[in-house]
Amino acid sequence: MSPERFAALWRSLLPIGRLADGCGYLRRSWTPTDLGCREWFVEEALDRDLDVETDRNGNLWAWLGDPAAGNAVVTGSHLDSVPNGGAYDGPLGVVSALLAVDLLRERVARLHRPLGIVVFTEEEGSRFGLACLGSRLLTGAVDPERARQLTDDRGGTLADAMTKAGLDPAGIGPDPGLLGRIGAFVELHVEQGRALADVDAPVGVASAIWPHGRWRMDFTGEANHAGTTRMADRHDPMLTFSFATLAANKAARSQGAHATVGRVSVTPNATNAIPSRVSAWLDARAPDAPTLAALVDSVRANVTERAGRDGTGFTLTAESQSSTVDFHSGLRDRIAARLGGAPVLPTGAGHDAGVLAAHVPTAMLFVRNPTGISHAPAEHATDADCAAGVRALADVLEDLACR
């Protein structure tokens, strides 16, 4: 697999969803852009004579061999993006999976297990707010009725979006038959950090995913005029919100964790008005569950105390939480050895692989990201490293499915 060959397929996907101002990508699930990405995948899979199906949760599957035989080896990732995201997060795993199938055929590798490629829907949660929604629905990790009622920023529901795309939202939910076909899952992903750059390695293997979650913070106050209300008379929820952001940052730094407030909604959102309400979302991650709990508890206690002094209201509500994921040690060690002792490293980012890990032996490969930047336009991997990732994935799939 040459860098040029990787680049040829990679560049066929790049125009879909690229923002005109050059500020990354916008590929939100069940939009025309997302449907364009899905059509691209289906065409590429059919060109490779793979059998393509859409499950009742909207995930796409392409099969080499009969999946009904069970014990299948599956790879893949997702095609949706965060707003103004980079090109590699998700799509690199899908493109690499297709090219790995090409390599296996060129090696005349004989399958002893079915081989599948999956494209999970709404992995980022950037439209409906719940990350890894497709894999969570498949595995039963989220209630179907709750999922149907999830809304985007325009008030549209997931059920409405799926209906417009020609799928029946009444059918979403756990699919034990499909899940039971999978004997192992290996997801390739661009590294979200620069650990591989620091050790000068093009490909690494994941050891674990930090526990993480998303919490909604709601601040209420008293709307009033910015020009006529004395500072001493204000009950401004923006002040409490600002304190909460700083408190989360301080707690994370002191505990070796990560805390981010990257989304906020203000009412009435007018320059000359004191807000009546502020809603914001806290993304928190930590090396272990006790540290994550301590971080969130610290934010809750400190902001509650501050709200009392500001004369504002404050609530903190968990929207999603994921426990520590330790990837299957036998599979991880087998893959690291097969790749000649590739570096093994943890990650603070959630993935569909983390959801599946509770049900099937699961592993992840990372491709070096020299910028260390992710979820932003500067996210990058060289064509040479991506080609190395394809070769590594093909080696792993051959080892698991052909021996």
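The values are calculated or read from the model by the stated rules, or taken from the named source; none is laboratory data. For clarity, every value in this text was computed on a predicted model and none was experimentally measured. Note that we place each Cβ from the backbone using ideal geometry, even for glycine, and neighbour counts take in every protein chain shown. Surface areas here come from the heavy atoms of the whole protein model, side chains and all, with no ligands, DNA or RNA. Shrake-Rupley method; radii C 1.70, N 1.55, O 1.52, S 1.80 Å.
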### When residues of segment 267-321 are limited to those that are assigned to a loop (DSSP other than H, G, I, E, B) and of a type in the set (V, I, T), the one surrounded by the most Cβ atoms within 10 Å (Cβ to Cβ)
T312
### Message
Looking at segment 136-148, can you tell me whether even one residue there is in contact with an Asp or Glu (Cβ under 7 Å, 6 or more places away or on another chain) and buried (at least 22 other Cβ atoms within 10 Å of the Cβ)?
### Response
yes
### Task
Spot the failing condition for G372; the list is (1) surrounded by fewer than 18 Cβ atoms within 10 Å (Cβ to Cβ); (2) in a strand (DSSP E or B); (3) touching a Gly at 6+ places or on another chain (Cβ under 7 Å), and only one is missed.
(2)
### Message
I'd like to know if segment 78-87 contains one or more residues that are open to solvent by 20 Å² or more (accessible area, probe 1.4 Å) and in a helix (DSSP H, G or I).
### Response
no
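Return the residue satisfying two criteria in turn: it lies in segment 201-231 and is among the hydroxyl-bearing types (S, T, Y) and assigned to a strand (DSSP E or B), and of such residues it is modelled with the highest pLDDT. Full working, then the answer.
Narrowing segment 201-231 to residues among the hydroxyl-bearing types (S, T, Y): 207, 220, 228-229.
Subset that is assigned to a strand (DSSP E or B): 207, 220.
Details: S207: 93, T220: 98.
The qualifying residue modelled with the highest pLDDT is T220.
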### Task
Identify, by number, the condition in (1) open to solvent by less than 30 Å² (accessible area, probe 1.4 Å); (2) out of contact with any strand residue (DSSP E or B) (no Cβ under 7 Å at 6 or more places or on another chain); (3) within 24 Å of R27 (Cβ to Cβ); (4) in contact (Cβ under 8 Å) with a residue 12 or more places away in the chain that L104 doesn't meet.
(3)
### Message
Here is a list: A195, A251. Which entry is of a type in the set (A, V, I, L, M) and either farther than 30 Å from A384 by Cα or in contact with a Cys (Cβ under 9 Å, 6 or more places away or on another chain) (or both)?
### Response
A251
### Query
What residue, of A378, A349, is open to solvent by 10 Å² or more (accessible area, probe 1.4 Å), closer than 22 Å to E4 by Cα and either assigned to a loop (DSSP other than H, G, I, E, B) or in contact (Cβ under 8 Å) with a residue 40 or more places away in the chain (or both)?
A378
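If I filter segment 177-200 down to residues being in a loop (DSSP other than H, G, I, E, B) and in contact (Cβ under 8 Å) with a residue 60 or more places away in the chain, which single residue comes out as surrounded by the fewest Cβ atoms within 10 Å (Cβ to Cβ)?
Of the residues in segment 177-200, the ones in a loop (DSSP other than H, G, I, E, B) are 180-181, 191-194, 199-200.
Right, trim to in contact (Cβ under 8 Å) with a residue 60 or more places away in the chain and you get 180-181, 191-194, 199.
Values: G180: 13, R181: 21, E191: 28, Q192: 20, G193: 17, R194: 15, V199: 11.
Per the criteria, the residue is V199.
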